[in-house]
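I have placed the structure first, in the form of structure tokens, so that the comments after it can refer back to it.
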């Protein structure tokens, strides 16, 4: 009996291997990178204006100003065009939105905003992804919800869609 | 004719643009002036994960964000930070995951203990075999 069990061992190991592979194939790991700063204060930063004539953005503008949405976008980012109407919708509902333009030329940001709508109160230009990295963001578009005391409460990775609106509004309400 | 057409379409095709076309960060492709600091930065860059192409290190990747991360590493080391300070700054943003050199924590305990357990099991197996052979 004992010997039989030993003989079956390779088969058991193989079956476990197949199970493990099958499990990972049917449930692939999530590649989105979540920021570890959710629940922590916004790191200190100061950005120049992304376009001349529009107010720039610094961390001081985010603290103590009620719940705000900070949207990382770029004119060279195609999914950002897709989420532009959703941001405009939020703006119409009275949400205060600030933008951070990642690696973008002022003329391109201006054209992007005139073409797809400008939902932003302030827009900072992050020419070298420095603030993006400080926030623990790994791409565009991404959105952060900052509460009244300047603490990051929520992060959304990827373009916002209509389906995300209830979650975003609930999180904004929670951050009030 | 078909080959000619195919090469023409290839020549005319423009790549899908997922990059900003803005200039790279100052130290993305440029070494530090101090060779000792550059060696430190290089060793660290080989151990940091690119956030865009997640199987590569930032030393290997040509993604724009990887370039910006390389510049961040070099600039911070140039300013006098130790490689471990830079690593922990990034870990505090992106989690343990960003580093290819896992520290010892409850999450990674199995990773560190598994080789010891395997060697132990192998040793016991080998010892059993030797004992049996001596007996026969």
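The values are calculated or read from the model by the stated rules, or taken from the named source; none is laboratory data. What you see is a predicted model, and the numbers here were worked out from it, not measured in a lab. Cβ sites come from the backbone with ideal geometry, for glycine too, and all protein chains shown count toward neighbours.
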Filter result (within 21 Å of residue B:90 (Cα to Cα) and either within 15 Å of the chain's Cα centre (by Cα) or surrounded by 15 or more Cβ atoms within 10 Å (Cβ to Cβ) (or both)) within region A:42-57: A:42, A:43, A:45, A:47
Residues located in region A:78-90, provided they are within 14 Å of another protein chain (Cβ to nearest Cβ) and in contact with a helix residue (DSSP H, G or I) (Cβ under 9 Å, 6 or more places away or on another chain): A:80, A:81
Selection within region A:24-49 - at pLDDT below 95 and more than 14 Å from chain B (Cβ to nearest Cβ): A:24, A:25, A:26, A:27
Unmet requirement for residue A:28, which otherwise passes all of (1) within 23 Å of the chain's Cα centre (by Cα); (2) farther than 22 Å from residue B:55 by Cβ: (2)
Yes/no for residue A:75 being part of a loop (DSSP other than H, G, I, E, B), modelled with pLDDT of 95 or more and more than 24 Å from residue A:30 (Cα to Cα): yes
Tally, over region A:120-131, of residues that are more than 7 Å from chain B (Cβ to nearest Cβ), surrounded by 22 or more Cβ atoms within 10 Å (Cβ to Cβ) and not in a helix (DSSP H, G or I): 5
Residue count, region A:91-119 (criterion: over 16 Å from the mean Cα position of the chain (by Cα), more than 13 Å from chain B (Cβ to nearest Cβ) and surrounded by 22 or more Cβ atoms within 10 Å (Cβ to Cβ)): 1
Hits in region B:28-44 (condition: within 14 Å of chain A (Cβ to nearest Cβ) and surrounded by 15 or more Cβ atoms within 10 Å (Cβ to Cβ)): B:28
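What tally of residues in region A:132-157 results from selecting those that are away from chain B (no Cβ under 14 Å) and touching a residue at least 60 places away in the same chain (Cβ under 8 Å)?
Total satisfying the criteria: 10.
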Conditions (1) at pLDDT below 95; (2) part of a helix (DSSP H, G or I); (3) under 30 Å from residue A:103 (Cα atoms): number failed by residue B:127: (3)
Flag if residue B:89 is modelled with pLDDT under 95 and either surrounded by 10 or more Cβ atoms within 10 Å (Cβ to Cβ) or touching a strand residue (DSSP E or B) at 6+ places or on another chain (Cβ under 9 Å) (or both): no
Enumeration of residues in region B:1-26 that are within 14 Å of chain A (Cβ to nearest Cβ) and either more than 23 Å from residue B:79 (Cβ to Cβ) or at pLDDT 95 or above (or both): B:14, B:15, B:16, B:17, B:18, B:19, B:20, B:21, B:22
